[in-house]
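Please read the structure below before turning to the comments.
The values are calculated or read from the model by the stated rules, or taken from the named source; none is laboratory data. Being a predicted model, the structure only gives us computed values, none of them experimental. Every residue, glycine as well, gets a Cβ built from its backbone with ideal geometry; the counts of neighbours run over all protein chains shown.
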Amino acid sequence: MTHSRVVVLGPQRLQPTLSDAVASLGLRGRLAAVTAGWEEREAEDQELSAHLSGRTVNLALYERADGVFRYDTELHQATRARQDRIRRSQELYRVRLSHQLEAARELLRRETRPGYEGLVPPQVEGAISGLRALDDEHVQRIRSIHVEFEQRWKPFERESVALQRRELEATLADCAGLCIAGGNVGILLNRLRMFGVLDLLRGQPIFAWSAGAMVLTERIVLFHDFPPQGAGDPEVLEAGLGAVSGLVALPHADKRLALGDAARVSLFARRFAPDLCAALPARTRLDWHELRWSGESGARKLCADGSLAQVGA
Amino acid sequence: MSLLGDLAAKSHIGPADIDAFLRSHRFPLVEGRTVTFVFVGAADEVRLRHWIAGLPPSQIFTRFHDSPMWTLSIDIPEGSRVEYKLEIVRGTHHQLIQDPLNEELARDPYGANSVVFGAGYARPDWVGHDTEARLGEIQEQKLESAAFGDTRDVLVYVPARFRTTRRYPLLVVHDGPDYLKFASLRTVLDNLIHRLEVQPMVVALTGSPNRLVEYANDERHARFLVDELLPMMESRYPLLPQPAARGLMGASFGGVASLATAWRRPGVFGNLLLQSGSFVFTDIGPNDRGPVFDPVVRFMSEFRARPGRPADSAYVSCGTYEALIYYNRSIVPLLQSTGMHVRFTESRDGHNWENWRDRLREGLTTLFPGQLMMVYE
């Protein structure tokens, strides 16, 4: 089930806008912060805290998870085994994905070739359908690994996790909102999921940016068009936490995506349609409220025709 | 018609025409594959001195229409970088100088050369300072070496946001101070780590007071790296213990030192980054490069006969304008035959530090790829 109020922001490191966003909702009091995506630097949240005038309470999910794993070695081993299976599934998915993506790109290259008039579009449609089916299949496969894990190990019922959840619930009850920073999207997702943090909220709004925004979506898409090695194929990691609907969050898209390459933009937008594929550079804001999206400043969406358009246009 | 041809087509060429020509162009003139070098001044002869294997090392300029301007046009393929000097001959006096009309210089331990960029060459955007990149730090360590019987200085690069609670890969770099000075290694590491293209890593930058001996398969050097440097680094820095998280890197004789150490002590360093390695061998007859190469040739003979499996992965690069290209091309299938994963890159460049600088991104991202797809800050 989606969350009632989520504010998605652009990256915060160089041009922070979080305090303005918090103020715009008229929130008073403390704000819970998740910086688990920063991994071993989780506690180094001084800049974030200062930006919010010292109002933050870091939920320390990375540290809590470490403590759980030290105490509950059985759960630790089971979690590692699950992650190994997920990693291998991702590798296998990539094998199929790279070929299907290259086929789609090759077809798009032939769209304007003389003699192929009218023949290419249905082939492109078929290729994109194949990609969407592959992405869906991958999400389902990873989901089934999680379901199997949860049914077998019942993490929320284990004392090691339940104790932390009770503490988190008490902390969150005293906070006016939850801020989720970026970092390693996989680590962040796993820590939020491990403690079921979103289920512990009582309707407070969520502010999220970069990887923090990505984990709130229904489907996490990894992307980089300019890697030093390889083709830079966008790939689905797995289902996100589903706090918002219909969004593919693309932080740093201005640096990580070839937004001037109409064919790449088009293929991306069509593959993930009807979701809003939103480029989220610094100072961007997108609001999820009453089950719909609105863009306040700067957010642009990738369009099927290869162009970019203002969100809401 | 070429720019020089346009000038030559004038019915009369006076000093003002030459001055205007010099003011209105950048030199050397790069017109497609044709590069024209220009010198203006008193001389009996002007020569281009370069280090492109396969071309005559000294090429003679011609005087342009009885003017004080001398020119030489040669074919430089696209994407090339060519370092050079001008040799000015006046009577019996020969003087090697940097090109007065070209501000582009490439520095090395012997000074600086002029450098011309062929059409299409672009200085990588990751070799200059990036204002957004967090900066790593260079620390100084000293190491008492029983292997060499002296004290060695080791510079250590630690990445930005270094934390003792985390474990890092280790890269050991031969001629490390030169890599810092002439190949911008510190800036390159800062940038590539900032871009998430390579893992945050600790880099031990070693040097040698006698590199032509110590880097030429000297048993003491392998002992120094494996039995002295590595334990010292592990005792002072939080390092990942697996060979896959360790690498050796070097250029020229430093490449030989890297390979020879891995060959002598396999299973310690999992990755080799070998740039323009001096992997000289002979199939018949003596080595023609002088006695300094004798130990290298002996090593290569042994290595070719019994390569073992020195590491798991290697990135090998060499310039096509180097005389060493033959040896580097030859070593790739040999390394592959050991079961190693090998990536080989050729560049249109010579045996110089900026060639090695320009290949660092590909080498480091091959051996120590960062979490580019997983991290969104």
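When residue A:264 is tested against the conditions (1) surrounded by fewer than 19 Cβ atoms within 10 Å (Cβ to Cβ); (2) over 17 Å from the mean Cα position of the chain (by Cα); (3) under 29 Å from residue B:369 (Cβ atoms), the lone failure is (1). Of the helices (runs of 4 or more DSSP H) lying entirely inside segment B:154-232, those carrying at least 2 residues that are in contact with a helix residue (DSSP H, G or I) (Cβ under 6 Å, 6 or more places away or on another chain) and closer than 18 Å to residue B:256 by Cβ are B:211-214, B:219-223. Being among the charged types (D, E, K, R) and more than 14 Å from chain A (Cβ to nearest Cβ) is a property that residue B:362 lacks.
Give the residue that is nearest to the other protein chains (Cβ to nearest Cβ), with candidates limited to residues of segment B:133-173 that are among the aromatic types (Phe, Trp, Tyr) and without any contact (Cβ under 8 Å) to a residue 60 or more places away in the chain. Ranking the candidates gives B:162 first.
When A:231, A:173, A:208 are checked against the criterion of being closer than 30 Å to residue A:24 by Cβ and in contact (Cβ under 8 Å) with a residue 60 or more places away in the chain, A:208 stands alone in meeting it. If I filter segment A:87-97 for residues that are at pLDDT 95 or above, closer than 21 Å to residue A:74 by Cβ, within 14 Å of chain B (Cβ to nearest Cβ) and part of a helix (DSSP H, G or I), do I get at least one hit? Yes, there is a match, as at least one residue in segment A:87-97 is at pLDDT 95 or above, closer than 21 Å to residue A:74 by Cβ, within 14 Å of chain B (Cβ to nearest Cβ) and part of a helix (DSSP H, G or I). Restricting segment B:365-377 to residues that are in a helix (DSSP H, G or I) and in contact with a Ser or Thr (Cβ under 9 Å, 6 or more places away or on another chain), the residue that is farthest from the other protein chains (Cβ to nearest Cβ) is B:367. Residues in segment B:316-357 that are touching an Asp or Glu at 6+ places or on another chain (Cβ under 7 Å) and within 14 Å of another protein chain (Cβ to nearest Cβ) were compared, and the one that is farthest from residue B:104 (Cα to Cα) is B:341. Of all residues in segment B:253-290, those being surrounded by fewer than 24 Cβ atoms within 10 Å (Cβ to Cβ) and assigned to a loop (DSSP other than H, G, I, E, B) number 16. Selection of segment A:224-253 for residues being assigned to a loop (DSSP other than H, G, I, E, B), hydrophobic (A, V, I, L, M, F, W, C) and within 25 Å of residue A:91 (Cα to Cα) yields A:226, A:231, A:237, A:239, A:241.
Annotation: of all residues in segment A:62-73 being assigned to a helix (DSSP H, G or I) and in contact (Cβ under 8 Å) with a residue 40 or more places away in the chain, the one that is farthest from the chain's Cα centre (by Cα) is A:71. In the condition set (1) surrounded by fewer than 17 Cβ atoms within 10 Å (Cβ to Cβ); (2) within 14 Å of chain B (Cβ to nearest Cβ), residue A:150 is compliant with all but (2).
Does residue A:106 qualify as being exposed (fewer than 13 other Cβ atoms within 10 Å of the Cβ), within 21 Å of residue A:225 (Cβ to Cβ) and not small (Gly, Ala, Ser)? For residue A:106, the condition - exposed (fewer than 13 other Cβ atoms within 10 Å of the Cβ), within 21 Å of residue A:225 (Cβ to Cβ) and not small (Gly, Ala, Ser) - is met.
Of all the criteria given as (1) surrounded by 14 or more Cβ atoms within 10 Å (Cβ to Cβ); (2) in contact with a Gly (Cβ under 8 Å, 6 or more places away or on another chain); (3) within 29 Å of residue A:8 (Cα to Cα), the one not satisfied by residue A:156 is (1). Filtering segment A:45-56 to residues that are loosely packed, with under 15 Cβ neighbours inside 10 Å and either hydrophobic (A, V, I, L, M, F, W, C) or within 14 Å of chain B (Cβ to nearest Cβ) (or both) leaves A:46, A:47, A:50. Based on this model, can you work out whether residue B:175 counts as acidic (Asp, Glu), in the same structural domain as residue B:194 (by TED's automatic domain parsing) and at pLDDT 95 or above? So residue B:175 fits the description; yes.
Taken over segment B:297-318, the residue count meeting the criterion of being under 19 Å from residue B:242 (Cβ atoms) and either crowded, with 24+ Cβ neighbours inside 10 Å or out of contact with any Ser or Thr (no Cβ under 8 Å at 6 or more places or on another chain) (or both) is 5. Just one of the numbered conditions (1) at pLDDT below 95; (2) touching a Lys or Arg at 6+ places or on another chain (Cβ under 9 Å) is not true of residue A:294: (2). Please name all residue pairs, on different chains or six or more residues apart, with Cβ atoms under 7 Å, provided the first residue is in segment A:29-44 and is within 14 Å of chain B (Cβ to nearest Cβ) and the second residue is hydroxyl-bearing (Ser, Thr, Tyr). What qualifies is A:36/A:62; A:39/A:62; A:40/B:165; A:42/A:35; A:42/A:62. Pick from segment A:168-223 the residues that are part of a helix (DSSP H, G or I), aliphatic (A, V, I, L, M) and within 14 Å of another protein chain (Cβ to nearest Cβ): which of them is farthest from the chain's Cα centre (by Cα)? That would be A:187. Of the strands (runs of 3 or more DSSP E) lying entirely inside segment B:69-122, those carrying at least 2 residues that are touching a Leu at 6+ places or on another chain (Cβ under 9 Å) are B:69-75, B:81-90, B:93-97, B:111-117. Just one residue in the set A:216, A:188, A:134 is surrounded by 15 or more Cβ atoms within 10 Å (Cβ to Cβ), among the aliphatic types (A, V, I, L, M), free of Cβ contacts under 8 Å to residues at least 60 places away in the same chain and closer than 30 Å to residue A:255 by Cα; that residue is A:134. Restricting B:44, B:75, B:108, B:66 to residues that are within 30 Å of residue B:225 (Cα to Cα) and in the same structural domain as residue B:12 (by TED's automatic domain parsing) narrows the list to B:108. Look at residue A:276 and say whether it is in contact with a Gly (Cβ under 9 Å, 6 or more places away or on another chain) and free of Cβ contacts under 8 Å to residues at least 40 places away in the same chain. Yes. Filtering segment A:233-269 to residues that are more than 30 Å from residue A:22 (Cβ to Cβ) and touching a Lys or Arg at 6+ places or on another chain (Cβ under 9 Å) leaves A:233, A:234, A:235, A:236, A:258, A:263, A:264, A:267, A:269.
Residues in segment A:1-17 that are more than 14 Å from every other protein chain (Cβ to nearest Cβ) and of a type outside the set (Ser, Thr, Tyr): A:1, A:3, A:5, A:6, A:7.
Selection of segment B:50-68 for residues being farther than 29 Å from residue B:14 by Cα and either assigned to a loop (DSSP other than H, G, I, E, B) or not polar (S, T, N, Q) (or both) yields B:50, B:51, B:52, B:53, B:54, B:55, B:56, B:57. Just one of (1) surrounded by fewer than 22 Cβ atoms within 10 Å (Cβ to Cβ); (2) away from chain B (no Cβ under 14 Å); (3) in contact with a Ser or Thr (Cβ under 6 Å, 6 or more places away or on another chain) fails for residue A:229. It is (2).
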